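Structure record follows, encoded as C-alpha cells.
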Amino acid sequence: MTAYLAEIIGTFFLILMGNGVVANVVLKDTKGNNSGWIVITTGWALAVFIGVVVAGPYSGAHLNPAVSIGLAMAGKFSWELVPTYITSQMIGAMLGSFVVWAMYRNHYRQTDDADAKRATFCTAPAIRDWSSNLLSEIIGTFCLIFVIFYFSDPLLGEGNAKTPIGMGSLGAVPVSLLVFVIGLALGGTTGYAINPARDLGPRLIHTLLPIRKKDGSDWSYSWIPVIGPIIGSILAALAHLILS
C-alpha cells in the first residue's frame, strides 16, 4: 500500500465511523437516536483509532491537513508531500461521507430537521460568533498537534523507528484518547472539526447530494473549520520549535 492510498483509506474509515456515529445519534428513527454527546465523542475517538491502525504503518496516519502542515512547519515532514497528502485526505473524507449517506438514506428521508442532516456531514457552531468560533478551532487543533509532537518520538510514544511521522507514530490508543479528551473538553463550541478535510470534504458532498428538505451547506461558516485548524497547527509547530 502506498502512503497516499493509506491516507485515502484511513481518512475514509475516520469519516465513515465519525460521521456515521453522528448520523446514528441525530437522524430520526435510528437505534441510537438522541443518545448524546458522549456517544458522539466516543465514536469519533474510536474512528481515529481505526484510521490510525489502517494508515499508520504506511503513511504515518496524518488523516488531517493540519497534521501534515504542522509536521512540515516543524521540519519533520517534506513540504513536497503535503499537497498530495491533503488531496488524499480530501478524497477519503468525501468517500466516507458519501457512504454514510448511502447507509442512512432512509433515515435522512424520515428527518425533517435540515440542520441535523447537515450535522452528519460537517460542523456548525453552538453560538455563531466568528472570532470565538475561530479561536475554538485554533485551540483544539493546537492541543492536537502539540501533543503529537511530544509523543511522536519512539522513545516517548508507542511507535517504532520504522513508523512514518504522524499520528501513527503516536500509537492508535494514545491518539484516540487525545481526540476523545479534546472532544469532551473543547468540542462544545464548534463540534471540534480540528481537521480541514474532515469538514470541507463532507460539506462538498452535502452540497452535491439530493437530500430531501435540505437547506444550504452553510458555506458562510465553512472557512472557520479550515483556517482555524491550519492556524492552530502552525502555532503548535512554532511552539514546539521554540521549546525543543
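Quick notes on this structure:
- Scanning region 25-39 for residues that are touching a residue at least 12 places away in the same chain (Cβ under 8 Å) and basic (K, R) returns a single hit, K28.
- Evaluating C143 against the criteria (1) on the phi < 0 side of the Ramachandran plot; (2) at pLDDT below 95; (3) surrounded by fewer than 21 Cβ atoms within 10 Å (Cβ to Cβ) leaves one unmet condition, (2).
- Contacts under 6 angstrom Cβ, first residue in region 1-24 being within 12 Å of A45 (Cα to Cα), partner of a type in the set (S, T, Y) and assigned to a helix (DSSP H, G or I), 6 or more apart: I15/S97; N19/S97
- Elements of type helices (runs of 4 or more DSSP H) in region 168-244, at least 2 residues being within 16 Å of the chain's Cα centre (by Cα) and over 27 Å from R105 (Cβ atoms): 172-186, 224-243
- When residues in region 107-122 are screened for being exposed (fewer than 14 other Cβ atoms within 10 Å of the Cβ) and among the hydroxyl-bearing types (S, T, Y), 0 of them pass.
- When restricted to residues that are over 19 Å from K28 (Cα atoms) and touching a Gly at 6+ places or on another chain (Cβ under 7 Å), region 93-122 contains 2.
- Positions within region 69-122 being assigned to a loop (DSSP other than H, G, I, E, B), within 28 Å of I242 (Cα to Cα) and touching a Pro at 6+ places or on another chain (Cβ under 9 Å), in sequence order: F77
- Against the list (1) in a loop (DSSP other than H, G, I, E, B); (2) among the aliphatic types (A, V, I, L, M); (3) free of Cβ contacts under 8 Å to residues at least 60 places away in the same chain; (4) within 15 Å of P196 (Cβ to Cβ), the condition L63 fails is (3).
The values are calculated or read from the model by the stated rules, or taken from the named source; none is laboratory data. The structure presented is a predicted model; accordingly, all values stated were derived computationally and were not measured. When we count neighbours, we look across all protein chains shown, and the Cβ atoms used for this are built from the backbone with ideal geometry, even at glycine.
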